[in-house]
Amino acid sequence: MMAEDLVQETYRRALAARQKPMPMTEESTRAWLFTILRHFWHNEVRQRNRWSSGGITLDDIALESEPADAQITRKLLQSEVRHAIDMLPEPFREVVLLRDIEGLSYAEIARILGCPGGTVMSRLARAREGLRRLLRVPSGCPDEVTR
């Protein structure tokens, strides 16, 4: 499924559910939309019995001022990082994508995943350690290296 289709279906479902009375803040709305997106995605995966990124990349847009060799290096690194993220078990992959790619708070992620904040932090720590191992980053490096 293409990312655009996933987002469109998420908004379609959210608009259909908006008649339900619920007080919403910006933070809770964002978490609610990610919850809808996550549930829809999981249903699609179950139906197809496979996981596919649907062409989603971390960054497909190269800066025009960037030299060609730097663009190639960046693309190779992005591919390697995306592959490492894909290799993580699903619970770890989810928290990395929600925290480090989407920039959600621990509280928002906990709400989306329906688990305690401590579980989110634990999974994220284990996910980042897994990424360090997969990417062969020394364990003493700060988390920013794996973001």
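Where a number appears in this text, it was derived from the coordinates with a stated rule and is not lab data. Note that this is a predicted model, so its numbers are computed, not measured. Ideal geometry is used to build each Cβ from the backbone, glycine not excepted, and the neighbour counts take in all protein chains shown.
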*Tally Lys/Arg at +1 and Asp/Glu at -1 over every other residue whose Cβ is under 12 Å from the Cβ of Gly117; what's the total?*
+2
*Any chance you could run the full-extension gain for Leu76 through Ile101? It's 0.36 nm times the residue separation minus the Cα-Cα distance, nm to one decimal.*
7.2 nm
